[in-house]
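Some notes on the structure that comes next.
The values are calculated or read from the model by the stated rules, or taken from the named source; none is laboratory data. In this text, all values refer to a predicted model and were calculated from it rather than measured experimentally. As a convention, Cβ positions derive from the backbone with ideal geometry for all residues, glycine included, and neighbour counts pool all protein chains shown. Surface areas here come from the heavy atoms of the whole protein model, side chains and all, with no ligands, DNA or RNA. Shrake-Rupley method; radii C 1.70, N 1.55, O 1.52, S 1.80 Å.
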There are 2 protein chains.
Amino acid sequence: MFDYKLLSALAAVVEQAGFERAALALGLSQSAVSQRIKLLEARVGQPVLVRATPPQPTDLGRRLLNHVQQVRLLERDLRGQVPALDEGDQPERLRIAINADSLATWWAQAVAGFCTERQVLLDLVVEDQAVGLKRMRAGEVAACVCAVERPVAGARSIALGAMRYRALASPGFIARHFPAGVTPEALARSPAIVFGPDDYLQHRYLESQGIEGTFSHHLCPSSEGFVQLTSRGLGWGLVPELQVVDELASGELVELLPGRSLDVPLYWHHWRNGGELLAELTGQLVATAAKLLVP
Amino acid sequence: MFDYKLLSALAAVVEQAGFERAALALGLSQSAVSQRIKLLEARVGQPVLVRATPPQPTDLGRRLLNHVQQVRLLERDLRGQVPALDEGDQPERLRIAINADSLATWWAQAVAGFCTERQVLLDLVVEDQAVGLKRMRAGEVAACVCAVERPVAGARSIALGAMRYRALASPGFIARHFPAGVTPEALARSPAIVFGPDDYLQHRYLESQGIEGTFSHHLCPSSEGFVQLTSRGLGWGLVPELQVVDELASGELVELLPGRSLDVPLYWHHWRNGGELLAELTGQLVATAAKLLVP
């Protein structure tokens with residue numbers, strides 16, 4: 001069998017984003033962790049880590065991590081069945097990649113019951129909905145909420161429903177930038193807010209209005225910050241309807257073009273051999289998400 | 001003088017987090033960007049980038065980026081004085097590193113007037129308050145909001161005031177975990193919520209109660225997600241008072257130990273030769289932050 005001491009060292013360095021923290025998490029010296037990585041690289045005959053800050057797995061490293069993640073999920077089940085194997089009453093941990101807007105809106109409500117009953121701790125990793133799967137591919141997470149349907153090898157994906165986005169701005173912003181109505185010309189000249197380099201929602205909205213190419217925009221990689229910048233009149237942007245129910249009701253935020261929403265379907269990716277805990281979470285999540293998201 | 005075509009290629013690769021996007025941003029082919037980086041490395045005689053995903057600057061690369069950032073700020077002023085140099089009516093952009101909790105609470109209100117009047121676009125980069133300065137050191141940003149006072153070489157820091165954090169949980173969580181009151185023993189056994197590996201607020205709170213060492217916790221790197229997990233009863237955690245005014249008033253969130261707050265001082269770091277626009281923002285920010293933060 002593989003030497004799981006070496007593989008655990010690799011997983012710790014990537015998950016803890018550094019050799020020093022990995023050493024702390026494993027209760028080893030930093031040089032012991034380095035030794036294990038070097039030994040692993042000697043065994044497999046090629047590098048498993050790029051020594052950057054933070055360290056990144058190589059392609060081979062990624063395949064190894066992916067394997068470690070699946071073994072961990074299987075071990076978790078076995079511990080449930082063979083109590084003697086259990087290391088004290090440590091609560092279970094599930095590491096999950098999720099897009100920021102889901103985390104800012106429906107996620108807590110959807111999983112609260114499950115986590116409380118089963119005493120599960122969550123390690124959440126925020127990734128843009130378009131790129132979250134890279135964490136699955138890297139074997140860093142047990143599951144992932146993202147906008148891509150096609151699962152990675154060894155995993156399954158299930159449709160959860162869609163998040164509905166509306167293009168919003170403050171009344172002051174609309175008065176300043178659209179005195180003659182929200183025309184494509186005025187829209188192309190007004191500053192937008194974009195979540196980050198992988199957020200193309202504003203591009204898609206502009207394209208639906210016949211506007212192509214670049215446009216001036218703020219970058220704000222925070223769901224709550226995005227709503228705050230919009231409310232304070234710095235720009236217009238696509239915001240999840242769920243996140244601004246109060247602001248829409250009070251008129252603090254207003255739709256640019258009423259009725260033009262953009263739905264982003266979300267998928268739950270989880271390992272095929274992910275074990276019982278993950279299967280149970282999957283069942284509950286699919287049921288609760290259906291109530292919170294748009295079909 | 002330096003060859004700024006080469007330096008701009010380096011800045012674009014780091015800021016855009018990849019060669020492909022850097023090429024897009026510069027309007028060049030990807031191989032042209034690679035060529036420029038290679039030429040720069042040949043000139044300086046050592047690597048400027050670690051070819052990871054995303055690419056990371058080496059120490060030397062960081063020093064070069066730091067220089068590029070300062071030159072850009074000076075150019076901005078010059079463009080204002082010599083209108084002929086101006087490349088059309090492109091709005092100004094300021095790249096600023098900021099902690100997630102500031103962005104989720106007081107930031108938009110503090111800078112809205114300035115950004116709207118001066119038509120400034122913001123490129124915000126979210127970094128934990130303890131580590132935001134690394135972006136200044138790397139020369140990736142013009143300014144930074146963080147909890148560290150000491151400025152990097154070439155920069156100044158100004159105290160903005162403090163964010164007040166309170167240890168909160170839902171009434172259901174308190175009933176479940178603290179039936180006999182919030183004793184240190186019960187606190188040590190209850191799941192906490194931690195923002196990320198650089199967030200030691202929960203550790204500090206536990207230490208103030210005489211609890212040392214590790215404790216079970218969820219990881220949730222999202223300000224809004226953090227409040228959501230807390231409200232839904234998944235754990236207790238330190239939340240900025242500013243962010244939960246409504247939840248505290250309605251009783252949706254409750255203090256664990258009433259009156260025990262934790263203040264985190266915030267500092268505004270900006271380049272000494274940062275130019276007029278940055279100086280003006282600094283003036284306005286210091287004045288508005290004083291009204292929103294705790295002295």
**Condition met for B:P171 (within 14 Å of chain A (Cβ to nearest Cβ) and surrounded by 13 or more Cβ atoms within 10 Å (Cβ to Cβ))** = no
**Complete:** Of the residues in the range B:108-124, those that are facing chain A (nearest Cβ under 7 Å), touching a strand residue (DSSP E or B) at 6+ places or on another chain (Cβ under 7 Å) and in contact (Cβ under 8 Å) with a residue 24 or more places away in the chain come to B:L121, B:L122, B:D123, B:L124
**Request:** Answer yes or no: is there a residue in the range B:226-239 that is among the polar types (S, T, N, Q), touching a strand residue (DSSP E or B) at 6+ places or on another chain (Cβ under 8 Å) and closer than 27 Å to A:Q16 by Cα.
**Result:** yes
**Message:** Tell me which helices (runs of 4 or more DSSP H) are completely within the range A:1-60 and hold 3 or more residues being farther than 21 Å from B:F195 by Cα and open to solvent by less than 60 Å² (accessible area, probe 1.4 Å), or say none if there are none.
**Reply:** A:4-15, A:30-44
**Message:** Considering only residues that are open to solvent by 40 Å² or more (accessible area, probe 1.4 Å) and modelled with pLDDT of 95 or more, which ones fall in the range B:152-165?
**Reply:** B:I158, B:A159, B:R164
**Prompt:** Hey, which of the strands (runs of 3 or more DSSP E) in the range B:176-295, taking only ones fully inside, have at least 1 residues that are surrounded by 15 or more Cβ atoms within 10 Å (Cβ to Cβ) and in contact with a Ser or Thr (Cβ under 7 Å, 6 or more places away or on another chain)?
**Reply:** B:192-194, B:237-240, B:261-271
**Asked** Which members of the range B:141-151 meet the condition of being outside any strand (DSSP E or B) and buried (at least 23 other Cβ atoms within 10 Å of the Cβ)?
**Response** B:V141, B:A142
**Message:** Among the residues of the range B:45-59, what is the count of those that are among the hydrophobic types (A, V, I, L, M, F, W, C) and touching an Asp or Glu at 6+ places or on another chain (Cβ under 9 Å)?
**Reply:** 2
**Message:** Being more than 9 Å from chain B (Cβ to nearest Cβ) and basic (K, R) is the requirement here; does A:R260 meet it?
**Reply:** yes
**Request:** Filter the range A:240-285 for residues that are of a type in the set (K, R) and under 28 Å from A:L201 (Cβ atoms) and give the result.
**Result:** A:R260
**Message:** Against the conditions (1) more than 13 Å from every other protein chain (Cβ to nearest Cβ); (2) at pLDDT below 85; (3) open to solvent by less than 50 Å² (accessible area, probe 1.4 Å), where does B:V131 fall short? Just the number, please.
**Reply:** (1)
**Prompt:** Assuming A:L266 fulfils every condition listed in (1) more than 20 Å from A:V131 (Cα to Cα); (2) more than 10 Å from every other protein chain (Cβ to nearest Cβ); (3) in contact with a Gly (Cβ under 7 Å, 6 or more places away or on another chain) apart from one, which condition is it?
**Reply:** (1)
**Asked** In this structure, is B:S157 polar (S, T, N, Q) and within 11 Å of the chain's Cα centre (by Cα)?
**Response** no
